[in-house]
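Below you'll find the structure, written out as structure tokens, and then a few comments.
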Amino acid sequence: MKPIIGMLALAPTIVLCASVASAQEIKIWTLVQEGMPEFMEGTISTFEAANPGVTVVNESFPNEAYKTQIQVALTGSAPPDVFFNWAGEDAARLVRDGLAADISAYGASGYAKTVGEGWLSSFAFDGANYGVPTDAVSKYFYYDPAFFSDNDLSVPETFDEFLATCQAIRTIDSSIVPWPLGNSERWKLNHVITMLNQRVLGLDALAADYALTAPDDELFTNPGYVEAWQKVVDMQDAGCFQDAPNATSPEASRSMFAAQVSPMIYCGTWCGNIFQAEGYEDFEMFRFPALTDGAGDPGGQFLVPQGYMVSSKSEHPELAAAFISHIVSDEGARDFAEQIGGIVSNPALIDEVDGTRWFKFFVSDIATATESVNVIDVLLDASVANAYLDAGVEILNGTMTPEDAMTTIREAALAAKSG
Amino acid sequence: MKPTPILKPRQSVGVQIVQNQSVLVLPALLICTVFIFIPAFLTIFGSFYAFGLTSQNWEPVGFGNYVRAWNDDVFWIALRNNIIIVLGSIVLQVGIGTVLAAVLDRGISFGQTFFRVIIFMPMVISAVAVALIWLIILDPNIGILNAIVKSVGLSPPKLGWLGDPSISIWMVLVVAAWQYTGFMMVLILAGLQAIPNHLYEAAALDGARGFRAFWSITLPSLRNVLVVAILITTIGGFKVFDLIFVLTNGGPANATQVLGTYIYLQAFTLTNMGYANAVAVVLLAIAVFLGWLQLKVSRRS
């Protein structure tokens, strides 16, 4: 009798242990982003319902803090199973250091059915998939159409027309800043020089320098780089920016546009929702102007793919990949587009999305882009990107010429290349 | 015949107390070992290697990272900025703190507690919040400082208070002084209140009042307190990180870079962990020396 009583007493414990053993938990790290909490709540709920016994824990981090924290976490003992990342050098470094898992084996039954090869290539290294892009961010000039029509200004299509627009706005009222540039964190101008490099030199000419595979005596020596920086000086001389762009935060510059103090701003596809939240939504958008004498494709458009990767230390890589596949499923991508406003990698149900006016514009306009231009601080080696960021600050301050800027960038590139 | 048992000599009470004290120190020693000594050792060890934040390969480079620091212009800019902050903070924080303490101690007869609280208040705000407040004040587009400067007919700096490399480090000093002067004032005020009143009375009989009494009685009596205040300011000046990280992140173009922010830049942005360790060791050496100096001065006082 006693053994039976003993077994009965142990039963709840055995059941509890069994349920703990079968329960699986995956942790996901995302960026703090407008609409992300709602999207994650919904997608986790449907994933957990489809996978009984699985728990997904979501943790969110602000943009700048995330860049550091994810690197520290991945080298630690309890990294997130699934984590957000930008395509490019950020992802490549994690692959080189063995911190990202090869999830190619889970593609055929999951994400590869809904996301095209072109998109997947942004997280592919040596023929293997290390991540899945969920969406891409782009940048446009937002402008105030009422200001433009009141002052008989037309949307500039070429760079020269753009300079003329800045000058015309200053002529109307010299105190109006045509384009508030919030470069206190340095990356705002980096997005501009990204596009100018593409417009002046073309992506083919940039590729070897960006990858540091050009011969030493040719690395970053193309005079087009200096010319691209000179365009920044030209914009400054035309009065496009305010006096102190390096002391202006990105938030302050966005507020200047949202308050209609300034009639233009070059801002990401995420900015439309920010302007709307600040009470202004009658804006329109145009692309970065073309260069009449540039070698780059004038149809090239700023586009940074971003998505999710799986930690190589994950105990549940299959489950982690399944969760990513769930995000980029038809329904997942639709919800992502609707709640976050991202340009999604799976557009199957895009017509069902009840998006904003600007979201619909971005989706249709990006579809016509003939070339995608990734940002240089994602593409370049960190030290070269840092040299570019510093050079931008100095050029705006007038403490460095375009030629000097390229000398320091070339030195950084040579140092990075040699090891 | 039974052998006579060998009796252990009784330990004196003093020895027992010493042994107990050693045991009492163990937890603190353990915490220090885990959180200070081991990380410090690993930092020194890592400074002799080249490795990235996420890389698994550590390549030995000997003193290569220290040689690199020696030849690195930004390292020297950062060290110079630390020294500027130290010297500037001594002048502003200890200097103004001393004057404010003297005024509150003997200069005014009303509202002493009120002024003490007002002046000390920035000290209890976190450095990050202080930096965010000042970012708004110093903003070139909407900041109140620009408005004030313009209202009196002057021109604010064209590149912005924090955007102009020639003035940004001085603005950092002003913000640091705004936050920490109150602390110095309270420290020095405590020292002032310990000065016997009869010294001032005797000096007054000899005709020494006001500034003369401050110079001849107050300052010499405060010597030890001032030395400690200067050492605290010096150590704080070398350790500064959060205020600058939020205000300027070392910019524009490294103009406000200090060793703390430079270590962060190298470690987490450029992922040069080995080099960041070497710079950290230099900072550690400076901090250890200053800490030793502080202890020595404190004991003497």
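Please treat every number below as a calculation from the coordinates, not as lab data. Computed from a prediction, not measured in an experiment: that's the story for all the values here. So basically every Cβ, Gly included, is an ideal-geometry build from the backbone, and we count neighbours across all protein chains shown.
When you count the other C-beta atoms within 10 angstrom of each residue and take the mean per peptide, A:147-159, A:343-355 line up highest first as A:343-355, A:147-159. Provide the FRET efficiency to the nearest 0.05 for the B:Ile108-B:Asn224 pair, computing r from the beta carbons and using R0 = 25 Å. The computed FRET efficiency comes out at 0.45. Give the residue from A:Ala387, A:Leu181, B:Ile148 lying farthest towards the positive end of the charge dipole for the protein assembly as shown; charges sit on Cβ (+1 for Lys and Arg, -1 for Asp and Glu) and the dipole is referred to the Cα centre. Toward the positive end, the furthest listed residue is B:Ile148. Here's the picture: charge each Lys and Arg Cβ at +1 and each Asp and Glu Cβ at -1 in the protein assembly as shown, and of B:Asn65, A:Val132, A:Leu99 the one pushed furthest to the positive end of that dipole is B:Asn65.
Each eigenvalue of the Cα gyration tensor of region A:207-258, multiplied by 5 and square-rooted, gives one semi-axis; in descending order these are 32, 15, 8 Å.
Using the Cα coordinates of chain A, the gyration tensor eigenvalues translate into equivalent-ellipsoid semi-axes of 44, 25, 19 Å, sorted from longest to shortest.
Within region A:22-153, the ratio Rg/Rh, alpha carbon atoms throughout and Rh by Kirkwood, equals 1.07. Here the label points at A:Thr171 and B:Phe120, each 7 Å from Cα along the C-beta direction, are separated by 6.3 nm in the simple model. For chain B, the Kirkwood hydrodynamic radius comes to 23.1 Å, computed from all pairs of different C-alpha atoms.
Ratio of Rg to Rh for region B:214-301: 1.14 [Cα atoms; Kirkwood radius as inverse mean 1/r over pairs]. For A:Phe61, what residues show an amide H to amide H distance below 5 Å, using hydrogens built from the backbone and excluding near sequence neighbours? For A:Phe61, the qualifying residues are A:Thr30, A:Leu31, A:Val32. 3J(HN,Hα) along region A:267-274: 9, x, 5, 7, 6, x, 5, 5 Hz, from the Karplus curve 6.51 cos²θ - 1.76 cosθ + 1.60 with θ = phi - 60°, whole Hz, x for Gly and Pro. What the phi angles of region A:389-403 give under the Karplus curve with 6.51, -1.76 and 1.60, with θ = phi - 60°, is a coupling list of 5, 5, 4, x, 4, 5, 5, 5, 7, x, 9, 8, 8, x, 5 Hz, glycine and proline written as x. Subtracting the Cα-Cα distance of A:Thr401 and A:Val32 from 0.36 nm times their residue separation leaves 129.1 nm of extension gain. Extents of region A:112-215, taken as max minus min of Cα coordinates on every principal axis and listed largest first, are 56, 40, 27 Å. Scaling against 2.2 N^0.38 Å puts the C-alpha radius of gyration of region A:232-289 at 1.16. Placing a label point 7 Å from the Cα of A:Asp102 along the Cα-to-Cβ direction, the residues of region A:78-95 whose backbone N falls under 15 Å of that point are A:95. Count the net charge of all other residues whose Cβ sits under 12 Å from the Cβ of A:Asp365, scoring Lys and Arg as +1 and Asp and Glu as -1. With Lys, Arg at +1 and Asp, Glu at -1, the net is +2. When all alpha-carbon pairs of region A:75-124 are counted, what percent fall beyond 18 Å? Summing the P(r) tail past 18 Å for region A:75-124 gives 36 percent.
Between A:Phe125 and B:Val149, the simple label model (points 7 Å from Cα in the Cβ direction) yields a spacing of 4.6 nm. Directionally averaged projected area (the protein assembly as shown, Cα convex hull): 51.9 nm².
Computed about its Cα centre, the charge dipole of chain A is approximately 1260 debye, with only Lys, Arg, Asp and Glu carrying charge at their Cβ.
Express as a percent, rounded to the nearest 5, the fraction of DSSP beta bridges in the protein assembly as shown (both residues included) that run antiparallel. Of all bridge pairs located within the protein assembly as shown, approximately 65 percent are antiparallel.
Remark on region A:347-419: ratio of C-alpha radius of gyration to 2.2 N^0.38 Å is 1.69. Once you reduce region B:70-108 and region A:344-419 to the center of their Cα atoms, the two points are 40 Å from each other. Residues whose amide H falls under 5 Å from that of A:Gly296, counting only those 5 or more places apart or on a different chain, are A:Val200, A:Leu201, A:Gly202, with hydrogens built in the peptide plane. Given axes a ≥ b ≥ c from the Cα gyration tensor, I'd like to know whether region B:117-239 is rounded (a/c under 1.5), prolate (a/b larger than b/c) or oblate. Here region B:117-239 falls in the prolate category. Under a 5 Å amide H cut-off, with hydrogens placed 1.01 Å from N, A:Glu25 pairs with A:Thr55 among residues at least 5 apart or on other chains. Cross-link pairs exceeding 23 Å in C-alpha to C-alpha distance, out of A:Lys139/A:Lys231; A:Lys313/A:Lys417; A:Lys27/A:Lys139, comprise A:Lys313/A:Lys417; A:Lys27/A:Lys139. Compared with the dominant Cα axis of chain A, that is its longest principal axis, helix A:357-366 is turned about 80°.
With semi-axes defined as the square roots of five times the eigenvalues of the C-alpha gyration tensor, the equivalent ellipsoid of region A:184-334 measures 32, 27, 15 Å, largest first. Think of it as helices only: each DSSP H run of n ≥ 4 in the protein assembly as shown is worth -39500 (n - 2.57), and spread over all residues that comes to -17000 deg cm²/dmol at 222 nm. The mean count of C-beta atoms from other chains within 10 Å of the C-beta of residues in A:234-247, rounded to a whole number, is 4. Working from label points 7 Å from Cα in the Cα-to-Cβ sense, the B:Ile36 to A:Ala23 distance is 4.1 nm.
Between A:Asp354 and A:Glu64, how high is the FRET efficiency from 1/(1 + (r/R0)^6) when r is the Cβ-Cβ distance and R₀ = 25 Å? Nearest 0.05. Working from the Cβ atoms, E equals 0.20.
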